[in-house]
1. Report yes if Glu104 is crowded, with 17+ Cβ neighbours inside 10 Å and not basic (Lys, Arg), otherwise no.
2. For segment 53-72, how many residues meet the condition of being under 13 Å from Leu29 (Cα atoms) and part of a loop (DSSP other than H, G, I, E, B)?
3. So which pairs qualify, if the first residue must be in segment 114-136 and in the same structural domain as Val101 (by TED's automatic domain parsing) and among the hydrophobic types (A, V, I, L, M, F, W, C), the second must be in a loop (DSSP other than H, G, I, E, B) and surrounded by fewer than 22 Cβ atoms within 10 Å (Cβ to Cβ), the Cβ gap must be under 7 Å, and the two must be at least 6 apart or on different chains?
4. Among (1) more than 30 Å from Ser107 (Cβ to Cβ); (2) of a type in the set (Asp, Glu); (3) at pLDDT 95 or above, where does Glu257 come up short?
5. Take Ala150 and tell me if it is within 21 Å of the chain's Cα centre (by Cα) and not β-branched (Val, Ile, Thr).
6. How about segment 72-101: which of its residues are free of Cβ contacts under 8 Å to residues at least 40 places away in the same chain and either within 24 Å of Thr47 (Cα to Cα) or surrounded by 13 or more Cβ atoms within 10 Å (Cβ to Cβ) (or both)?
7. Considering each residue of segment 5-40, count those that are within 12 Å of Leu85 (Cβ to Cβ) and either assigned to a loop (DSSP other than H, G, I, E, B) or among the aromatic types (Phe, Trp, Tyr) (or both), and give that number.
8. Take the residues in segment 21-51 that are among the hydroxyl-bearing types (Ser, Thr, Tyr) and closer than 15 Å to Val142 by Cβ, then tell me which one is nearest to the chain's Cα centre (by Cα).
Amino acid sequence: MDFSLLGPVAVTAGTGEITLGPVKRRSLLAMLLLQPNATVPVEQLITCLWDEEPPEHARTVIQGHVSRLRATLAEAGADAYGVELITHGSAYRLRMPEQLVDSERFSELVSLARPETAPEQAVDLLRQGLDLWRGPALTGTVPSPPFAAAAHALEERRLAAVEALARAHGALGQYEMAADVLHPAAVANQLREGLIAALMLALYRIGRQSDAIAWYHRTRQLLADDLGVDPGERLRTAYEEILRAAPTAGRPRAAAEPTAQVCDWLVYTS
């Protein structure tokens, strides 16, 4: 049995994806999965499902969704996987092995990665973790502030993993691969200065100095237009480093100089 939060909220068992029912039932399950093995008060569930306008019979509605969800999981053989939806007075707990939730597996893989000290292993671990994503987190839940905040937090962790993967490739001298990893994330997050700075340095390392500088000026203009601020330290430092070395910019240095190459990368992407 597998529970998915990194994309559309879903549950799959041996026979395929389980039908979860209406959006509030799916959302209730998602909130329990965000806190596996924790007791979640019914008041928190009401806030998540209805925000500031819950109906008078909200508790009864939740009880109905819990009852149906418990039956759905039981029909899918949840007991065999150690999964049980438990009622604790006016709260609920989804007892389960946490590795059945994709977000928990993602967090574990990322926590094991050491991009600077064990880059080869980090590349493998981080790619495994990022491969778990199937789209925007918590897709299919109600559009309430608690779910928006949870989805944002998960997305921040995904972007941090992308940057860590790029650092691991950089530590191995694989700057082109680092640029390939960073580029889609940079296009989708054009005000995330650390990510843009990392992309600029990766592009510079593979001889694409003009592209690196273009990213800086594009981001500087967006920061001014959208936020009314100047580039931060990481972005400025990356830009200045590229300008200082511009006369000799080109392909990565020869294999005889790996230590300096790696150190340069780490200084400006850490």
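The values are calculated or read from the model by the stated rules, or taken from the named source; none is laboratory data. Note that the structure is predicted; figures quoted are calculated from it, not measured. Glycine also receives a Cβ, built like all others from the backbone with ideal geometry; neighbour counts cover every protein chain displayed.
1. Numbers: crowded, with 17+ Cβ neighbours inside 10 Å: yes; not basic (Lys, Arg): yes.
Yes, satisfied.
2. Count: 0.
3. Between residues of segment 114-136 that are in the same structural domain as Val101 (by TED's automatic domain parsing) and among the hydrophobic types (A, V, I, L, M, F, W, C) and residues that are in a loop (DSSP other than H, G, I, E, B) and surrounded by fewer than 22 Cβ atoms within 10 Å (Cβ to Cβ), the close pairs are Ala122/Arg114; Trp133/Gly7.
4. For Glu257, the failing item is (3).
5. Values: within 21 Å of the chain's Cα centre (by Cα): yes; not β-branched (Val, Ile, Thr): yes.
Considered against the rule, which asks whether it is within 21 Å of the chain's Cα centre (by Cα) and not β-branched (Val, Ile, Thr), Ala150 comes out as yes.
6. Ala74, Glu84, Ile86, Thr87, Gly89, Pro97
7. Of the residues in that region, 2 qualify.
8. Here is the first cut: in segment 21-51, the ones among the hydroxyl-bearing types (Ser, Thr, Tyr) are 27, 39, 47.
With closer than 15 Å to Val142 by Cβ added as a condition, the list becomes 27, 47.
Details: Ser27: 19, Thr47: 24 Å.
So the residue we want is Ser27.
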